[in-house]
1. Once Rh for segment 96-155 is found with the Kirkwood sum over Cα pairs, what is the Stokes-Einstein diffusion coefficient at 10 °C and 1.306 mPa s, in µm²/s?
2. Given a 1.4 angstrom probe, what's the average accessible area per residue across segment 141-243, in square angstrom?
3. May I ask for the net charge around Tyr224, where only other residues with Cβ less than 10 Å from the Cβ of Tyr224 are counted and Lys, Arg are +1 while Asp, Glu are -1?
4. Counting only protein heavy atoms, what percent of the accessible surface of the chain is carbon or sulfur at a 1.4 Å probe?
5. Along the Cα→Cβ direction, 7 angstrom out, place labels at Phe160 and Ile239. What is the inter-label distance in nm?
6. Show me, bin by bin at 5 Å from 0, the whole-percent P(r) of the chain based on Cα pairs.
7. For Cα pairs less than 8 Å apart in space and 6+ apart in sequence, what is the mean separation divided by the residue count of the chain, i.e. the relative contact order in percent?
8. Order of 11-17, 34-40 by packing, highest average Cβ count within 10 Å first?
Amino acid sequence: MFEYLKKRDILLTLTKYEFKQRYRGTILGVAWSLAEPLLLAFILYVIFGKLLQSKYTVLYLVIGIFFHRYFALGTSIGLNAITAKTHLVTKTTVPREVLPLSTTLAYGLSSFIEMIILLPGIIYFGGDVRFFYFLVLLHPIYVLLLYGLNLILSSLNVYFRDLNEIWGVVTQLMFFLLPIIYSIEIIPKGFLEIYMLNPLVKLLTAYRDVMIYGKIPEVYDLGYVTFTTLILLTMGYVIFKRLERGFVERL
């Protein structure tokens, strides 16, 4: 299982290509990827600032928006990892699992760089960043979680092209299912346990802990997210390998 990870040269080449494509045609590069979510954070702060009622409201919104941004972009592009590279699937021996992986890694690297660039601003607005280095642990877990999801999405998309439109709705819905413009405290107690089953909720909470509140993430939460990620990776790999048999015919 996952023997294709030994093809590091191919993976590195494709990841570099995807990363360059992320900023292709832009003069300011990463700056553009920061401008949009920061503007959104400002708008949401004006509209929902009183709802959060915290001295960290700006940072709370910014971290949530950037967190969701990787989910939305990473999966939307990863979903097309196979269908957008037909020539690599039908005319080369490149392990097909590498295609969604390279996309997930490229956008994961981009997301990590954005988080690092936010550091001075977090400090300026009073965030406690003493445990910021925990991001080196949290972000790879996030990347692997999305890779497991992209294995499923990219293989299903070969058979069901409407998945692009459906997933666009899902990513928008996830913006409101995650505690981005509201705090977890407003979730009714009767639904809280179900709500917390979403590993992205626990992971976002951990991001805020290390980037704003100066707290070490809960061990149970990290264990739960890690376990969920491993389950998703395994499921993704199994589904991908089964559906892979019909890729050439469908493409």
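1. In µm²/s, the coefficient rounds to 124.
2. On a per-residue basis, 49 Å².
3. Taking every Cβ under 10 Å from that of Tyr224, the sum is -1.
4. 68
5. 0.9
6. Spelled out bin by bin, the chain gives 1, 6, 12, 17, 19, 16, 13, 8, 5, 2, 1, 0 percent.
7. This gives 27 percent for the chain.
8. So the peptides 11-17, 34-40, ranked by packing, come out 11-17, 34-40.
The values are calculated or read from the model by the stated rules, or taken from the named source; none is laboratory data. Because the structure is a prediction, the values reported are computed rather than measured. Every residue, glycine as well, gets a Cβ built from its backbone with ideal geometry; the counts of neighbours run over all protein chains shown. With ligands, DNA and RNA removed, areas are computed over all heavy atoms of the protein, side chains included. Shrake-Rupley method; radii C 1.70, N 1.55, O 1.52, S 1.80 Å.
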